[in-house]
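Following: one structure in C-alpha cells, then a few remarks.
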Amino acid sequence: MVELLIAIAVLTLGIGAVSSTLVTSSSLNRSSREAMIATSAAQNVLETLHAEPFEDVFATYNSSAADDPLGAGSAPGPAFAVPGLDVQVDDPDGFVGEVIMPGPGDLLLEDVGDADLGMPRDLNADGIVDGADHATDYTVLPVRIRVAWRGAAGDQTLEFITTLTRRR
C-alpha cells in the first residue's frame, strides 16, 4: 500500500511538471509569435518610409493632417495598426504602432534632446542647431518606429531607430 501511495505521488509530481512545462512553452510560443509580428510590422513601416519621396516623409508621418502631400487627411500619420497584437491598456490613440520623429508631432525640431535619435542635431545642414521648425528643409531625418502591445508576457515594446537621408 505504501509503495502504491509513493508511486501515485511520484506520478502526480511528474504530471504536474509536464503540465507546467507545456503551459510555459505555450506562453513562450505566443510571446515569440507576438515579437515576430511586431518586428515584421516595424520592418514594413521602415520599408514604406524608404519608398516615400524623402521630402514628403515628415509631412506623411507627422501628426498634422493639414500638410499631407496629397491633400489634407490623405496621409497615414504617425500611428499604425498591427493585426494580431492588442493595444496596451493606457495607449492614448488606440494603435499599437507609432512613427516618431524629433519634435512634438507637427514640428520637426533640431534642439530636441533624444540621445537614441542622435538629437540635438543639425537636420538641415546649415551648421546651426536651433529651435525652428525644419519640416520643409531637412536633409537628414532621425526616425523611431515603435510597436507597443499587450501580450502573453504583459506589456511589450519593440523599437527600430534609423536615420533617413536624401538620396542623390
Checklist entry - Considering only segment 135-154, how many residues are in contact (Cβ under 8 Å) with a residue 40 or more places away in the chain and under 22 Å from V82 (Cα atoms)? => result 11
Checklist entry - Out of the residues in segment 56-105 that are of a type in the set (A, V, I, L, M), free of Cβ contacts under 8 Å to residues at least 24 places away in the same chain and closer than 30 Å to A153 by Cβ, which is surrounded by the fewest Cβ atoms within 10 Å (Cβ to Cβ)? => result A81
Checklist entry - Limited to segment 143-161, what total is found for residues that are β-branched (V, I, T) and over 10 Å from A42 (Cβ atoms)? => result 3
Next on the checklist: I need the full set of residues from segment 83-106 which are within 16 Å of R144 (Cβ to Cβ) and either in contact with a His (Cβ under 9 Å, 6 or more places away or on another chain) or at pLDDT 95 or above (or both), in order please.
Outcome noted: F95, V96, G97, E98, V99, I100, M101, P102, G103
Item to check | Only listed residue being out of contact with any Leu (no Cβ under 9 Å at 6 or more places or on another chain) and either hydrophobic (A, V, I, L, M, F, W, C) or in contact (Cβ under 8 Å) with a residue 40 or more places away in the chain (or both), chosen from A132, A125 | outcome: A125
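Determine, yes or no, whether T157 is under 30 Å from R30 (Cα atoms), free of Cβ contacts under 8 Å to residues at least 40 places away in the same chain and in contact with a Lys or Arg (Cβ under 7 Å, 6 or more places away or on another chain). Steps first, please.
Values: under 30 Å from R30 (Cα atoms): yes; free of Cβ contacts under 8 Å to residues at least 40 places away in the same chain: yes; in contact with a Lys or Arg (Cβ under 7 Å, 6 or more places away or on another chain): yes.
When the stated conditions are applied, T157 passes them.
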Checklist outcome for this item: Note: among A7, A51, just one is closer than 20 Å to F160 by Cα, at pLDDT below 95 and exposed (fewer than 13 other Cβ atoms within 10 Å of the Cβ), namely A51
Checklist entry - Can we say I37 is surrounded by 16 or more Cβ atoms within 10 Å (Cβ to Cβ), over 30 Å from A135 (Cα atoms), β-branched (V, I, T) and out of contact with any helix residue (DSSP H, G or I) (no Cβ under 8 Å at 6 or more places or on another chain)? => result yes
Next on the checklist: For segment 112-124, which positions are on the phi > 0 side of the Ramachandran plot and surrounded by 15 or more Cβ atoms within 10 Å (Cβ to Cβ)?
Outcome noted: none
Item to check | Residues (more than 16 Å from the chain's Cα centre (by Cα) and surrounded by 18 or more Cβ atoms within 10 Å (Cβ to Cβ)) located in segment 125-168 | outcome: H134, A135, Y138, L141, L164
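The values are calculated or read from the model by the stated rules, or taken from the named source; none is laboratory data. On a predicted model such as this, the values are computed, not experimentally measured, just so you know. For neighbour counting, all protein chains shown are included, and Cβ atoms are generated from backbone atoms with ideal geometry for every residue, glycine included.
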